[in-house]
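Asker: This is the structure I have questions about; it appears just below.
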């Protein structure tokens, strides 16, 4: 089979069978990459930085205030999955950790309300804060590792004729008031810390009920607790590839049925009933690869369903302080720190020094990774 004449939107290299994962009625094939040293005779597939740079592509397809969709092309699935897991669990954020209840006469128990408060996303930039550690100078709360909020709401009856029955009958995230500590007033002068969504309902009150709390937000990561995860979701899928068989065209009277087997916009039907597959970022990339077309015997051999093994379509929804376009660079930064730590540990093993010792922080923070032959 070969690509149709209307598939010029994608580079010709995507039709290289070595990059394909086969999609069949009840199974998938060719899952593992074969481009490694020794698999193909007389071909050198050892890792090369220059070749990697030529094949690597990152392209933003859609961007909004809270979400981003981008393509990551030319990397192995292990690298793409590492970025996904880092985005979910290791990019730091700030969240409410300690809740001091001075008064709570609502029907919501203290523990439940504290849990709800912890899940409220905050817009404070984590880069401006430090981690609070179990020991040392950052063991105690200070203006560099803790943000303080006050929540004080009391419900009362509204005056007659006001058009409503109660005042402050709902406690919302917008009722959190930031209380600057130390130098925080100048550090956060451009963007005072606050919930990213001010309309999250935390509790409901009735006249005479009151909530009075002091809240301390600290910096941490999602693998410690989901409330520190900076994303609502971070996922990826392989780019679909649909190839028609020119030797067995779709019968004109079955064109509409064939088109209905795919997501809208993937298959276009010509004026005279001929069928052509729209293979570009705007159409085919949105196909769900439901395999519906493989259920019909009349379409057997007419089309092949594939996915491109090294073309990942990422969808990331930011819920914390990061702009969506900042999420991937933050994940790359953390990946580099991890690689630098591995390099430092490997060098220590090779040199015979610092065995079992701590890795110097200066070698792990933002250091470039260049592995030389040992």
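Asker: Given a 10 angstrom Cα cut-off, can you work out which residue in 105, 93, 196 is the most mobile in a GNM of the chain?
Answerer: In the Gaussian network model the winner is 105.
Asker: If the chain between residue 315 and residue 66 were fully stretched, how many nm would it gain, using 0.36 nm times the residue separation less the Cα-Cα distance? Please report the intermediate quantities before stating the final value.
Answerer: Details: separation 249, 0.36 × 249 = 89.64 nm, distance 1.10 nm.
Full extension from residue 315 to residue 66 adds 88.5 nm.
Asker: Follow-up. For the Cα atoms of the chain, what angle does the longest principal axis make with the long axis of helix 77-89, in degrees from 0 to 90, nearest 10?
Answerer: Long axis of 77-89 versus the principal axis of the chain: about 20 degrees.
Asker: Assuming R0 = 45 Å, can you tell me the calculated FRET efficiency for the pair residue 133 and residue 164, based on Cβ-Cβ distance, to the nearest 0.05? Before the final figure, lay out the partial values.
Answerer: Values: r = 48 Å, r/R0 = 1.06.
Given R0 = 45 Å and the Cβ-Cβ separation, E is 0.40.
Asker: Then there's this: What ratio of Cα Rg to 2.2 N^0.38 Å holds for region 141-181? Please list the in-between numbers first.
Answerer: Values: Rg = 15.4 Å, N = 41, 2.2 N^0.38 = 9.0 Å.
Ratio of Cα Rg to 2.2 N^0.38 Å: 1.71.
Asker: Still on this structure: For the chain, what is the calculated [θ] at 222 nm in deg cm²/dmol (nearest 500), taking -39500 (n - 2.57) for each run of four or more DSSP H residues and dividing by its residue count?
Answerer: -5000 deg cm²/dmol
Asker: Consider the candidate values (1) 4, 17, 21, 19, 16, 13, 7, 2, 0; (2) 4, 20, 31, 25, 13, 5, 2, 1, 0; (3) 5, 20, 27, 23, 14, 7, 3, 1, 0; state which one is P(r) over Cα pairs in 10 Å bins from 0, in percent computed from the structure displayed.
Answerer: Answer by label: (1).
Asker: With springs connecting C-alpha atoms under 10 Å apart, model the chain as a Gaussian network and identify which of 264, 92, 195 has the largest mean-square fluctuation.
Answerer: Among 264, 92, 195, the largest mean-square fluctuation in the Gaussian network model of the chain belongs to 264.
Asker: Using Cα springs under 10 Å in a Gaussian network model of the chain, which residue among 125, 169, 190 shows the largest mean-square fluctuation?
Answerer: In the Gaussian network model the winner is 190.
Asker: Let me ask something else about it. Give the Kirkwood hydrodynamic radius (Å, one decimal) of region 93-229, defined as one over the mean of 1/r across all pairs of different Cα atoms.
Answerer: On the way: mean 1/r = 0.0629 Å⁻¹.
Computed over Cα pairs of region 93-229, the Kirkwood hydrodynamic radius comes out at 15.9 Å.
Asker: A further question on this structure: Want the number for residue 350 to residue 47: 0.36 nm per residue separation, take away the alpha-carbon distance, what's left?
Answerer: On the way: separation 303, 0.36 × 303 = 109.08 nm, distance 2.25 nm.
My answer for the length gained is 106.8 nm.
Asker: Please compute the length gained on full extension between residue 109 and residue 25, using 0.36 nm multiplied by the number of residues separating them and subtracting their Cα-Cα distance. Walk me through the numbers on the way to the answer.
Answerer: Values: separation 84, 0.36 × 84 = 30.24 nm, distance 5.21 nm.
Additional length available on full extension: 25.0 nm.
Asker: May I pose another question? For region 101-140, rounded, prolate or oblate, judged on the Cα gyration tensor with a ≥ b ≥ c (square roots of eigenvalues), a/c < 1.5 rounded, else prolate if a/b > b/c?
Answerer: Oblate, because a/c is 1.5 or more while a/b does not exceed b/c.
Asker: Angle, helix 327-351 long axis vs. longest principal axis of the chain, Cα atoms, 0 to 90°, nearest 10?
Answerer: 90 degrees
Quick note: the coordinates plus some simple rules give every number you see, no bench work behind them. Source: prediction; values computed, not measured. So basically every Cβ, Gly included, is an ideal-geometry build from the backbone, and we count neighbours across all protein chains shown.
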